[in-house]
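All remarks here apply to the structure that follows.
We did not get these values from a lab; they are worked out from the coordinates using the rules stated. Predicted model only: the values in this text are computed from it and were never measured.
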Amino acid sequence: MTELRNGWRKSSYSQGKTTCVEVAESSSRVLVRDTRYRELGYVSFPRVEWMSLLQELKRGGL
């Protein structure tokens, strides 16, 4: 995998809670993991698919 751009980050909506997800990005992939269970690893998505998911969520389609 290529180098991560900015390391792991979580949503500002989390406000210190442990029940959220964290995201890390590379030039071609987006990694997602559970904040509470980081040791279990992460799932990886192609950037284009991740962006499509976010657009659909913003439209209220899911």
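Using only C-alpha positions, report the orientation-averaged shadow area of the convex hull of the range 9-57, nm², one decimal.
Averaged projected hull area, Cα only: 3.7 nm².
From the phi angles alone, apply the Karplus equation (6.51, -1.76, 1.60; θ = phi - 60°) to the range 39-54 and give each ³J(HN,Hα) in whole Hz, x where the residue is Gly or Pro.
For the range 39-54, the Karplus-derived couplings read 5, 7, x, 8, 10, 10, 10, x, 3, 4, 5, 4, 5, 5, 4, 4 Hz, x marking Gly and Pro.
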